[in-house]
1. Scan segment 151-196 residue by residue and report those that are hydroxyl-bearing (Ser, Thr, Tyr) and under 24 Å from the mean Cα position of the chain (by Cα).
2. Being within 21 Å of THR53 (Cα to Cα) and in contact (Cβ under 8 Å) with a residue 12 or more places away in the chain narrows it down to one residue among THR123, THR152; which is it?
3. Only one of ALA107, ALA101 is in contact with a strand residue (DSSP E or B) (Cβ under 7 Å, 6 or more places away or on another chain), in a helix (DSSP H, G or I), buried (at least 19 other Cβ atoms within 10 Å of the Cβ) and at pLDDT below 95. Can you tell me which?
4. Report, by residue number, each residue of segment 110-120 that is in contact (Cβ under 8 Å) with a residue 40 or more places away in the chain, loosely packed, with under 12 Cβ neighbours inside 10 Å and on the phi < 0 side of the Ramachandran plot.
Amino acid sequence: MTADDVIDTLRGAPADTDRLRDRLARDAQRGGLVDVLVRSVESPIGELILAATPRGLAYVAFEGESRDEVLQLLATKIGPRVVSASTPGTPSGGTGDADIASVLDDATTQLHDYLAGRRREFTLPLDTVLATGFRGLVQRRLSEVGYGRTATYREIATALDKPGAVRAVGTACATNPLPLVWPCHRILRSDGGLGGYRGGLEVKKRLLAMESAA
């Protein structure tokens, strides 16, 4: 079976064939046929889509984002061999630099702990392939805004010696590939307004309230 055969089979699988999809995903990883492994997980802020590569967690999407568009983005920007696994721990035993499923397992656990108020920082391997150019500089900077703190778009721009790039900072936050892990929800407008958030303003309010109450 070729890589294309595996991926075509997985993409065409109906919802009631999760077990088959997971077995094929496991076989695909063992054969080195996976660029990106994707998993959907339930959370207090809605379903999250997590995507990882052998290098680490690469993407987090929120409920309401189109799964098809997320998969297309991953296939275009990272690699065409995008495989979905429905349950934690599958596939496992893969070859290469890292077990992709283990990355997703760890990300799922740490995100659940964070959203339950039991974790303030993430210790995950990250694949920053989607964080490029000035946007990437902004996105990496976000992790310096600690739990329970906030900063403004203007403060981030100034810290990067680009005080006139406030709008570009906003765009970088809106396109952050790793929200929650890189906490763009902590970035506000200079007038105290929330600004935007890919997960929706209600989620942004909830995250800020959770952190400020800790």
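The values are calculated or read from the model by the stated rules, or taken from the named source; none is laboratory data. Being a predicted model, the structure only gives us computed values, none of them experimental. Here Cβ is always computed from backbone atoms with ideal geometry, including for glycine, and neighbour counts include all displayed protein chains.
1. Keep residues of segment 151-196 that are hydroxyl-bearing (Ser, Thr, Tyr), which gives 152-153, 158, 171, 175, 190.
If the condition is that a residue be hydroxyl-bearing (Ser, Thr, Tyr) and under 24 Å from the mean Cα position of the chain (by Cα), then THR152, TYR153, THR171, THR175 are the ones that fit.
2. Details: THR152 fails: within 21 Å of THR53 (Cα to Cα).
Result: THR123 is the single residue among THR123, THR152 that is within 21 Å of THR53 (Cα to Cα) and in contact (Cβ under 8 Å) with a residue 12 or more places away in the chain.
3. Numbers: ALA107 fails: at pLDDT below 95.
Of the residues listed, the single one that is in contact with a strand residue (DSSP E or B) (Cβ under 7 Å, 6 or more places away or on another chain), in a helix (DSSP H, G or I), buried (at least 19 other Cβ atoms within 10 Å of the Cβ) and at pLDDT below 95 is ALA101.
4. The first filter runs over segment 110-120 and keeps only residues in contact (Cβ under 8 Å) with a residue 40 or more places away in the chain, leaving 111-112, 114-117, 120.
Remaining after also requiring loosely packed, with under 12 Cβ neighbours inside 10 Å: 116-117.
Hit for segment 110-120 is ALA116, nothing else.
For (1) surrounded by 17 or more Cβ atoms within 10 Å (Cβ to Cβ); (2) hydrophobic (A, V, I, L, M, F, W, C); (3) in the same structural domain as LEU207 (by TED's automatic domain parsing); (4) more than 19 Å from CYS184 (Cα to Cα), each residue gets a yes or a no:
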| residue | (1), (2), (3), (4) |
| --- | --- |
| PRO44 | no, no, no, no |
| LEU50 | yes, yes, no, no |
| PRO54 | yes, no, no, yes |
| ALA61 | yes, yes, no, no |
| GLY64 | no, no, no, no |
| GLU69 | no, no, no, yes |
| ALA75 | no, yes, no, yes |
| VAL83 | yes, yes, no, yes |
